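Visitor: I'd like to ask some things about the structure below.
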Amino acid sequence: MVLTSNHGGRVADYPGQEVHRSLRLLAGSDIYAPFVCSDEQRADINRANIEAGQTVIAECRPDAIFIWNLFFLDKSFIGSLSGQTTREPLLMLTDNWLIVMLNPEFMSKFFRDHVFSDGGTSGTDKRRVPVLAKARQYLRRLVDVTAAPAPLPFRAVFGSKFMRDLYAESGLRFTDSRVVHNGVHQPARRPEAFRDRSILADHNELRLIFAGRLVDLKGVHTAVEAMDFITRMDLGGRFVRLTIVGDRADTAYVERLRQLIAQSSCAPQIELRDPVTESELFELFQAHDLYLFPSLYEPFSLTLIHALAAGIPTVATNIGGNLEIVRDRESGLLFQKGDPCDLARAVQQLAIDKALRLRVAENARRAAKSFTFEKMVTQMEHSLASSWR
């Protein structure tokens, strides 16, 4: 049985699952905008959510409770789930949602000191820290900024070692924990489906691509800024194109990105495209020469795994979960976050060195096999079934 929210009005049926869409998030239709309501309305929403959870638990009488991402819910809701089964509920912590809920001051300092520092907001309004500032607006009224009880009465599965360490640094501890890396579907493909990466798609062009969410944390502005450096480098006379593929829900950031592109001398060489489905990523990567992944903060990226599985030579920032996926100069190249010049240097290396492109592409495909959806599910099922004692 699945208990989820009614946010977005989307409805889908899943074989073998009974889905209850009775939770209400403390968020409007635009999750990037502050949620405004009275204290009384907020209390009513929280009370209704707790009642919905208790109703489903009473009906289902579960052997185990699995909790994944309660962003935009009150901490009172997660508290109501403790003690409902003989085994502690299992939290899947693939990002920082529980830290933001219980220790927002820690996340504020972390983002200020480690994410948006050292040029991390280059090309954007440095006075704004969109994701964290908004998260704090949503949640600050909901929590007392005090140290969370330790250990919390939950078991935890972290999506990466980076997330495990971040939670430990924040002061949150659990009765048991382990790391289960996220994984993606990687259908079997014939060898000829993969490009020969020693050869560019067009001998006269270098085709760069970013695919992901268009938000400040993904650092797309760094790729745009890097274009001015890349086009001045010796690339064998090749014309450079950058294609940016992703959703545009964060309209404020997308507008700043458009302005940055318009101000660039390379504007005619940069194209914004609508997002594609997961099944379309493989062919998208085959049509381009290099994948740029300039995140400022990254727990553990599924799109990055898709890129490696597709065999496209990849340049990623040397931060967070990226370091658990990409080995520098083996399965990709790493560069300093927020540094367009360093990104440009990595692009140049791959553009002019076909042996390097071929080597990292082949190693990337092998590395991606460690991060399959099937492996992740098997490990998660084991975590649910195990008492870890």
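Derivation of every value follows stated rules applied to the coordinates shown; laboratory data play no part. None of these values were measured; they are calculated from a predicted model. Don't worry about glycine lacking a Cβ; one is built from the backbone with ideal geometry, like all the others, and counts go over all protein chains shown.
Visitor: Counting only other residues whose beta carbon sits under 14 Å from that of Ala355, what net charge do I get with K and R as +1, D and E as -1? Spell out each step's value before the answer.
Guide: Numbers: positive: Arg197, Arg329, Lys354, Arg357, Arg359; negative: Asp196, Glu330, Asp353, Glu362.
That works out to +1.
Visitor: Let me ask something else about it. Local charge sum around Asp247 (other residues, Cβ-Cβ under 9 Å, Lys/Arg +1, Asp/Glu -1)?
Guide: Working: positive: Arg213, Arg248; negative: Asp250, Asp274.
Combined, the nearby Lys, Arg, Asp and Glu give 0.
Visitor: Can you tell which of Ala385, Ala27, Leu323 lies farthest toward the positive end of the dipole of the chain, using +1 and -1 charges on the Cβ of basic and acidic side chains (Lys, Arg; Asp, Glu)?
Guide: Of the options given, the answer is Leu323.
Visitor: Which distance in Å, rounded to a whole number, links the C-alpha centroids of region 292-331 and region 170-200?
Guide: Here the answer is 10 Å between Cα centres.
Visitor: Quick one: if the Förster radius is 22 Å, what FRET efficiency do Ala201 and Asp328 give, using the C-beta to C-beta distance and rounding to 0.05? Provide the component values of the computation, followed by the final result.
Guide: Numbers: r = 25 Å, r/R0 = 1.12.
The computed FRET efficiency comes out at 0.35.
Visitor: How big is the Kirkwood radius of the chain, worked out from every pair of different alpha carbons and given in Å to one decimal? If you can, show how the numbers build up before the last one.
Guide: Numbers: mean 1/r = 0.0446 Å⁻¹.
So the Kirkwood estimate lands at 22.4 Å.
Visitor: Summing Lys, Arg as +1 and Asp, Glu as -1, what charge do residues with Cβ under 11 Å from the Cβ of Gly321 carry, Gly321 excluded?
Guide: -2
Visitor: Can I ask one more? Does region 195-299 come out rounded, prolate or oblate, given a ≥ b ≥ c as the square roots of the eigenvalues of its C-alpha gyration tensor, rounded meaning a/c under 1.5 and, failing that, prolate meaning a/b above b/c? List each step's numbers first, then the result.
Guide: Working: a/c = 1.93, a/b = 1.22, b/c = 1.58.
Judged from the Cα gyration tensor, region 195-299 comes out oblate (a/c at least 1.5, b/c at or above a/b).
Visitor: So how much slack lies between Asn69 and Ser279, counting 0.36 nm per residue of separation and subtracting their Cα-Cα distance, in nm? Spell out each step's value before the answer.
Guide: Working: separation 210, 0.36 × 210 = 75.60 nm, distance 2.43 nm.
Gain on stretching Asn69 to Ser279: 73.2 nm.
Visitor: Here is a follow-up. Would you please classify the overall shape of region 191-368 from the alpha carbon gyration tensor, given that a ≥ b ≥ c denote the square roots of the eigenvalues, rounded means a/c under 1.5, and beyond that prolate means a/b larger than b/c while oblate covers the rest? Don't skip to the end; give the middle numbers.
Guide: Values: a/c = 1.41, a/b = 1.17, b/c = 1.20.
Rounded.
Visitor: Right, next: Quick one: which residues, 5 or more positions from Ser22 or on another chain, have an amide H under 5 Å from its amide H? H modelled 1.01 Å from N in the peptide plane, none for Pro or chain starts.
Guide: The answer is Thr4.
Visitor: With θ set to phi - 60°, apply the Karplus curve 6.51 cos²θ - 1.76 cosθ + 1.60 along region 204-209 and write out the HN-Hα couplings as whole Hz, x wherever there is a Gly or Pro.
Guide: The phi angles translate into 8, 10, 10, 9, 9, 9 Hz.
Visitor: For region 257-353, state which trypsin sites (Lys or Arg not before Pro) are in a DSSP loop and have at most 16 other beta carbons lying within 10 Å of their beta carbon.
Guide: Working: sites: Arg258, Arg273, Arg327, Arg329, Lys337, Arg345; in loops: Arg327, Arg329, Lys337.
Those that pass, being in a loop and sparsely packed, are Arg327, Arg329.
Visitor: Convert each backbone phi in region 191-201 into a coupling constant with the Karplus relation 6.51 cos²θ - 1.76 cosθ + 1.60 (shift: θ = phi - 60°), then list the ³J(HN,Hα) values in order as whole Hz, x for Gly and Pro.
Guide: Coupling constants for region 191-201: x, 6, 6, 8, 5, 6, 7, 6, 10, 6, 4 Hz.
Visitor: How high is the relative contact order of region 191-368, given as a whole-number percent (alpha carbon pairs under 8 Å, six or more residues apart)? The partial results should precede the final answer.
Guide: On the way: 340 pairs, mean separation 48.1, N = 178.
Relative contact order for region 191-368 comes out at 27 percent.
Visitor: What nm distance separates the two modelled labels at Ser22 and Asp44, each placed 7 Å from Cα along Cα→Cβ?
Guide: Result: 1.8 nm between the two label points.
Visitor: Using a cut-off of under 15 Å, list every residue of region 314-336 whose amide N is near the label point 7 Å from the Cα of Leu235 along the Cα-to-beta-carbon line.
Guide: Only 314-315 pass the distance filter.
Visitor: Whole-Hz Karplus ³J(HN,Hα) for region 366-373, in order, using 6.51 cos²θ - 1.76 cosθ + 1.60 and θ = phi - 60°, x for Gly and Pro?
Guide: These are the phi-based 3J(HN,Hα) values: 5, 4, 5, 5, 7, 10, 9, 4 Hz.
Visitor: Treat every Asp and Glu Cβ in region 191-368 as -1 and every Lys and Arg Cβ as +1, leave all other atoms uncharged, and give the resulting dipole magnitude about the Cα centre to the nearest 20 debye.
Guide: Numbers: 21 positive and 25 negative charges, 57 e Å.
Charge dipole, region 191-368, about its Cα centre: 280 debye, nearest 20.
Visitor: Collect residues whose amide H, placed 1.01 Å from N in the peptide plane, falls under 5 Å from the amide H of Leu93; neighbours closer than 5 in sequence don't count.
Guide: When sequence neighbours closer than 5 places are left aside, the close amide H contacts are Val157, Phe158, Gly159.
Visitor: Sticking with this one: Taking the Cβ of each residue in His181, His7, His221, His203 as the centre, tally the other Cβ atoms inside 10 Å and list the residues starting with the fewest. Spell out each step's value before the answer.
Guide: Working: His181 20, His7 15, His221 24, His203 9.
Fewest-to-most ranking of His181, His7, His221, His203: His203, His7, His181, His221.
Visitor: Using a basic spin-label model with each label point 7 Å from the Cα along Cα→Cβ, how many nm lie between Glu192 and Gln349?
Guide: That separation, rounded to one decimal, is 3.5 nm.
Visitor: I've got another one for you. In the structure shown, do any of Lys161/Lys337; Lys337/Lys375; Lys161/Lys375 have a Cα-Cα gap over 21 Å, and if so which?
Guide: On the way: Lys161/Lys337 19 Å; Lys337/Lys375 30 Å; Lys161/Lys375 17 Å.
The pairs that break the limit, which is 21 Å between Cα atoms, are Lys337/Lys375.
Visitor: Let me ask you something else. Taking other Cβ within 10 Å of each residue's Cβ, how do Phe371, Phe77 sort, fewest first?
Guide: Details: Phe371 22, Phe77 19.
The most exposed by this proxy come first: Phe77, Phe371.
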